[in-house]
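The values are calculated or read from the model by the stated rules, or taken from the named source; none is laboratory data. Note that the structure is predicted; figures quoted are calculated from it, not measured. Glycine also receives a Cβ, built like all others from the backbone with ideal geometry; neighbour counts cover every protein chain displayed. For the accessible areas, the whole protein counts, side chains as well, though only heavy atoms, and no ligand, DNA or RNA atoms are used. Shrake-Rupley method; radii C 1.70, N 1.55, O 1.52, S 1.80 Å.
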Amino acid sequence: MSIKTTSPSFRVGIDKLTAVIHWLPDADGIESNIKQIIAMLCSVHEVSPFQICTRQNGYAYSIVLPLSKKLDLKNKYNNQGLPKLIVQVKPNAHTRPFIRFELTGFPLLRGDYFIARRWLESIIGRMATLYLHPNKVKVTRIDIAHDFKMHMDEINVNFTHAMKSACFFGKDGKPETLYFAIDSVQKKLIVYSLKAKRKRDGKPDIDEYDTRAELRLQPKCFLSELPEKVTAHSYIDRIEFFDLSLFEDEKISTLEKNYIALFGIKAALQAMDKNHRRSFRLKLAKHKVQYFDHDLIDKELKKEFKRMRGLFSDYDCSHIANHVQHKFDAIFQSYHVKSDKDFTVS
């Protein structure tokens with residue numbers, strides 16, 4: 001049976017990129033550099049070191065750094081959704097990577113990656129050119145956001161091969177978040193209401209995109225391998241959408257419809273025995289819709305991977321207009337001032 005296709009307006013982008021760097025020889029120099037940055041930010045923003053740096057995830061230093069937009073370092077809750085760089089340095093266990101960093105915020109633009117590189121160069125120091133290389137930086141997590149102009153209560157979603165699922169409801173009794181997990185580590189899909197998130201974060205509701213399907217992957221590959229490993233073909237067909245006409249289908253029982261409405265299609269399928277599941281799948285087939293265009297997603301992902309190259313010290317910026325690169329440099333330099341204050345971790 002052919003799948004109905006429709007093309008509601010949607011956008012694709014990287015919402016989070018987490019990576020690690022192993023085998024950094026100048027540990028003392030890196031620790032000294034991170035202390036200088038902390039002291040500098042404390043001086044500029046008139047905050048205490050412990051508002052900027054914490055111990056987190058088994059690292060002695062965990063610091064949040066601004067990218068293309070300034071952050072409020074006095075109140076982290078004002079930074080929801082803004083692009084930022086989180087750098088963690090000096091792990092407690094010697095087996096862990098010495099540096100772990102995370103870029104987050106939607107959308108992440110070329111300038112964000114470029115400024116993140118400048119921060120990482122400041123932290124790593126003289127070895128930055130060697131270690132900020134696509135075959136040295138290992139990606140441990142990437143979140144791909146697919147936003148579209150439909151409300152949560154207008155869609156039914158399934159993520160094939162997921163072993164766990166959950167449905168969370170808002171105050172109005174309507175679905176607000178759908179959660180699917182292949183296992184506890186490798187692959188997750190979170191579908192949630194952007195409208196509800198903006199309300200929780202106290203943000204103005206001026207974005208026309210209402211729902212996000214966020215794929216969370218742990219590719220565990222070098223950044224140079226990411227464009228080949230993460231493509232639309234590798235995951236899109238596993239995200240199944242079904243239109244609301246299934247609730248009017250007389251072949252689907254009232255009990256089955258109620259179960260879907262309460263717990264979602266994934267839970268309904270898992271509650272059935274093998275034979276029932278097979279026959280129910282046939283009933284669902286005519287209500288299946290493909291919202292996402294593979295070619296468009298691949299095109300947008302290629303753009304994202306191209307922007308990521310700004311992370312690397314050997315990236316050739318000659319094709320970028322000089323005034324644009326100067327703009328990024330100026331933003332970075334505005335964060336970078338001298339300070340004679342010292343910082344120590346107790």
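Return a yes/no flag: does the range 256-269 have any residue that is surrounded by fewer than 17 Cβ atoms within 10 Å (Cβ to Cβ) and assigned to a loop (DSSP other than H, G, I, E, B).
Scanning the range 256-269 turns up no residue that is surrounded by fewer than 17 Cβ atoms within 10 Å (Cβ to Cβ) and assigned to a loop (DSSP other than H, G, I, E, B).
Quick check on Q186: is it at pLDDT 90 or above, open to solvent by 50 Å² or more (accessible area, probe 1.4 Å) and not basic (K, R)?
So Q186 fails the test.
Out of the residues in the range 17-41 that are open to solvent by 40 Å² or more (accessible area, probe 1.4 Å) and touching a residue at least 12 places away in the same chain (Cβ under 8 Å), state the one that is nearest to L217 (Cα to Cα).
Among those residues, the one meeting the criterion is H22.
Out of the residues in the range 278-299 that are more than 30 Å from the chain's Cα centre (by Cα) and of a type in the set (A, V, I, L, M, F, W, C), state the one that is most open to solvent (accessible area, probe 1.4 Å).
So, considering only residues that are more than 30 Å from the chain's Cα centre (by Cα) and of a type in the set (A, V, I, L, M, F, W, C), the one most open to solvent (accessible area, probe 1.4 Å) is L282.
Can you tell me which residue is farthest from L217 (Cα to Cα) among those in the range 177-188 that are assigned to a strand (DSSP E or B) and of a type in the set (S, T, Y)?
T177
Kindly indicate whether any position in the range 89-101 is closer than 20 Å to C221 by Cα, open to solvent by 40 Å² or more (accessible area, probe 1.4 Å) and touching a residue at least 24 places away in the same chain (Cβ under 8 Å).
yes
Contact list please: Cβ distance under 8 Å, first residue in the range 294-306 and within 12 Å of L109 (Cα to Cα), second residue in a helix (DSSP H, G or I), pairs at least six apart or on different chains.
F305/L226; F305/P227
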